[in-house]
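What follows is a single structure, written as structure tokens, with notes after it.
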Amino acid sequence: MIAALGLALQISAAPPANLVVREGEVIRTVPITASLVGRYVRADLLAAALGGRAAATSTGHYRITLGEHKLEVVEGVPFIKVDSLVIPMVLPPLMSGRTFLIPFQAVASVIPKYASGFMYDAASSEMRIFSTAARRVAASPVSSVAPPTSSPSTGSPAPSRPRGSKVRRLVVVDAGHGGVDPGMTGPIGGGPRLIEKEITLSVAYLLADELRSAGADVLMTRTSDTLIALADRGRIANRSKGDLFVSIHVNATGSRASWAARERGYETYFLAEAKTEEALRVERMENEVVKFETGANAPKGDPLSFIINDMAQNEHLRESNDLAETIQQGLGRIHPGPSRGVQQANFAVLRGSFMPAVLVEIGFGTNPSEAAYLSDRFSQREIARVLARAVMEYINHYEARVGGGTR
């Protein structure tokens with residue numbers, strides 16, 4: 001069979017295409033070897049393009065190391081081992097000189113599913129590496145909501161450093177949606193167009209600046225217009241040992257009728273089973289992003305998986321509720337809309353973050369007046385300052401209860 005596959009590789013008339021590997025503005029290409037039975041890529045070239053390394057092992061296996069993950073293959077054996085998991089492959093890996101040709105399935109589904117920080121876009125044959133470090137970037141403006149360059153004073157008090165804190169707390173700031181998933185668009189009835197993914201990224205940048213100024217460390221799950229799988233956002237937070245997780249979103253009504261444009265206000269969620277029909281509607285809306293993710297990354301809805309996650313997160317529910325209450329109180333001082341209260345729902349983005357975690361709906365983009373408010377640069381900065389102040393206030397209260405401590 002190996003000989004037949006080798007012959008198929010040789011006689012294929014189709015010219016090899018390239019896999020594009022994109023990391024922010026950096027683009028690398030890896031040749032795709034087309035055969036009569038399927039597509040392959042060279043393991044060493046793929047590993048280098050993904051920022052990893054590849055080499056033969058003393059046991060005759062071939063290993064690709066991507067960060068904390070190790071992938072191993074054996075010539076002619078249609079399986080790939082990822083860490084401790086063994087995954088069946090449609091085609092077997094093939095020896096090619098001193099390296100291996102591995103089936104394209106590893107690119108399209110295995111790596112995105114089992115190695116955090118990667119997504120494959122089949123439409124463009126593009127593998128994307130997520131840049132998650134919270135850093136200032138000299139990026140081009142994102143529509144009308146570019147990353148901030150200054151911090152003028154607003155009517156909200158500046159966030160304060162935790163009193164007597166022994167450590168710098170790490171806050172994970174998650175800008176909802178991104179890339180091919182725009183989130184909600186509005187408003188209903190016309191007016192300047194609002195796109196949720198742009199608003200959330202702008203507020204996330206502003207919030208990150210405010211938190212750093214207040215003495216916190218910050219990690220952003222995305223720093224550009226990129227789609228990151230919901231499950232990966234929690235993994236990013238956990239891997240970085242975050243202390244808090246704050247996900248920013250813009251709300252929308254369940255209808256596009258004219259009456260629906262009157263819905264207004266802000267609300268903050270923590271992870272638990274939804275208790276109201278409205279919370280369940282928002283839960284479904286925010287979880288819909290999975291339709292933009294690859295099949296490998298899409299949650300499978302396994303109830304056992306949720307139960308296990310729920311048990312692991314149970315110790316954080318009270319803290320998440322306290323953080324949500326503090327955020328709601330802060331927004332009440334500056335937001336033109338009504339408080340819709342602290343809610344609970346089974347948000348996919350919060351399931352995997354094993355720390356106090358909240359999702360903030362900062363207003364209704366479907367409402368014309370709130371859409372204008374959320375699109376205003378001054379208002380975005382004011383929202384960010386209030387969120388930062390609420391986070392630091394929560395940290396102060398938490399450390400007062402537990403006496404500071406270290407991570």
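A few comments on the model shown:
- In a fully extended conformation the segment linking Arg377 and Ala55 would gain 110.9 nm over its present Cα-Cα distance, using 0.36 nm per residue.
- Rounded to the nearest 10 Å², the accessible area of Val21 at probe 1.4 Å: 0 Å²
- By accessible area, using a 1.4 Å probe on protein heavy atoms only, segment 202-259 has 51% of its surface on carbon and sulfur.
- Contour excess over end-to-end distance, with Cα ends at Ser255 and Lys81 and 0.36 nm allotted per residue: 58.0 nm
- Summary of packing: across the peptides 240-251, 179-190, 356-367, 76-87, the per-residue average of other C-beta atoms within 10 Å ranks them, highest first, as 356-367, 240-251, 179-190, 76-87.
The values are calculated or read from the model by the stated rules, or taken from the named source; none is laboratory data. Remember, it's a predicted structure, so these values are computed and weren't measured experimentally. Glycine gets a Cβ as well: all are built from the backbone with ideal geometry, and neighbour counts include every protein chain shown. In case anyone asks, the SASA skips ligands and DNA or RNA and just uses the protein heavy atoms, side chains included. Shrake-Rupley method; radii C 1.70, N 1.55, O 1.52, S 1.80 Å.
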